[in-house]
Ligand code: 2P0
């Protein structure tokens, strides 16, 4: 481990092919829940999300000459020589194959990859979204010597193309490439699905105040829960109404109607969790603290003290959506009533960026 880190640092001083991708997490307003095709990551329904700015994964790539890839995460070293089945290496192989089939010669390029999150992982803040978005973008940038998103686009990878590749690593990662409000359109076949910005971040400055109810890693992965959803008696009802709900959510965004959006957000989050709770293997992602905080949000809103609505990811943590201009005061209010809870004050952001290594690292 120390040896690999030393190599990384030596390469850094020589400026050898070092690139860092920084990708934000995203919070879904209309959830991706269930897959129609697991192999091709074709979702059961279209989804809509807000790209965040502060909760990010930073992933750096340095060339190595060992003949295989190495991945360092949370001070743990994984190598593709020993762990080919690990989803990180499976995704890197998928990217290599995709680049090779489009005529790029990269078979001799191997990387030492170092990745870190600015937020707790695996507990409902979409760490696999930011993680696979940064892994995909960083790999493409490292292979094409691109140090800016514009250079990557000139090399043949615009944000739409990167998103389609990223979603193969983790579905929600495709929504973390562009900024603002993103729509992942299911379409009629896996090949025709698309991920496109619906509205830019500057069009509506919303905040996501993440209240940490627990930072423990979840016991059941989203990947497994996507499959269990098909066994829920509620799932077919959900799928029959989801396009209508998506339409309302887009209207609420277009008209900047926070109340209309907020009502949908809460219904949608609770519906997704109801499906999870009633699936072929029931999964409960929320905990007692989640319920207490949700009840508090609704009570305060009824009293006219809180202009904010919650949503949940596949975890216990609460994402409180509000106008960015009101976020500071709402955070103060939460800190007063919930002094034990860690809070991440996040907001809509502009999406994935790439840098020459060192430009952003402390
Ligand atoms: C979403 N989630 O739309 C939904 C809502 C969690 C709750 O997408 O198997 O980690 O890697 O494609 O992307 C989490 O699922 O699953 C997710 P895979 P992913 O954000």
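Only the coordinates and a few stated rules stand behind these numbers; no lab work does. In this text the structure is predicted, and so the values were computed from the model without any measurement. When we count neighbours, we look across all protein chains shown, and the Cβ atoms used for this are built from the backbone with ideal geometry, even at glycine.
The alpha carbon gyration tensor of segment 164-242 gives principal lengths a ≥ b ≥ c with a/c of 1.5 or higher and a/b no greater than b/c, which makes the shape oblate. Classification of segment 206-347 by its C-alpha gyration tensor yields an oblate form. The axis ratio a/c (a ≥ b ≥ c) is 1.5 or more, and b/c is at least a/b. Annotation for segment 149-220 versus segment 32-83: alpha-carbon center distance of 13 Å. Helix content alone sets the calculated 222 nm mean residue ellipticity of the chain: runs of n ≥ 4 DSSP H residues at -39500 (n - 2.57) each, divided across all residues, give -12000 deg cm²/dmol. In terms of the mean number of neighbouring beta-carbon atoms within 10 Å, the peptides 61-70, 83-92 order highest first as 61-70, 83-92. If R0 equals 51 Å, the separation of the Cβ atoms of residue 220 and residue 154 corresponds to a calculated FRET efficiency of about 0.75.
Ordering 129-135, 73-79, 209-215, 28-34 by mean Cβ neighbour count within 10 Å, with the highest value first, yields 129-135, 28-34, 209-215, 73-79. Relative contact order for segment 45-183: 34 percent, from Cα pairs under 8 Å spaced at least 6 residues apart, divided by residue count. Against the chain, whose longest principal axis is taken from its Cα atoms, helix 288-302 shows a tilt of about 50°. Quick one: of the DSSP bridges fully inside the chain, what percent are antiparallel, nearest 5? The antiparallel proportion sits near 95 percent.
Seen through its C-alpha gyration tensor, with square-root eigenvalues sorted a ≥ b ≥ c, segment 91-193 comes out oblate because a/c lies at 1.5 or above while a/b is not bigger than b/c.
Computed packing ranks the peptides 247-256, 340-349, 171-180 as 171-180, 340-349, 247-256, most packed first, by mean other Cβ atoms within 10 Å. Quick one: helix 87-101 against the long Cα principal axis of the chain, what's the angle to the nearest 10°, folded into 0 to 90? On a 0 to 90 degree scale, this one is about 60. Distance from the Cα centroid of segment 243-261 to that of segment 304-362 is 21 Å (rounded to whole angstrom). Treating each Cα of segment 2-202 as one equal point scatterer and applying the Debye formula with no solvent, the log10 of I(q)/I(0) at q = 0.09, 0.16, 0.17 Å⁻¹ comes out as -0.32, -1.03, -1.16. Computed over the chain, the Cα gyration tensor eigenvalues convert (square root of 5λ each) into semi-axes of 34, 22, 20 Å, ordered from largest to smallest.
A simple spin-label model places pseudo-atoms 7 Å from Cα toward Cβ; at residue 116 and residue 236 they are separated by 5.1 nm.
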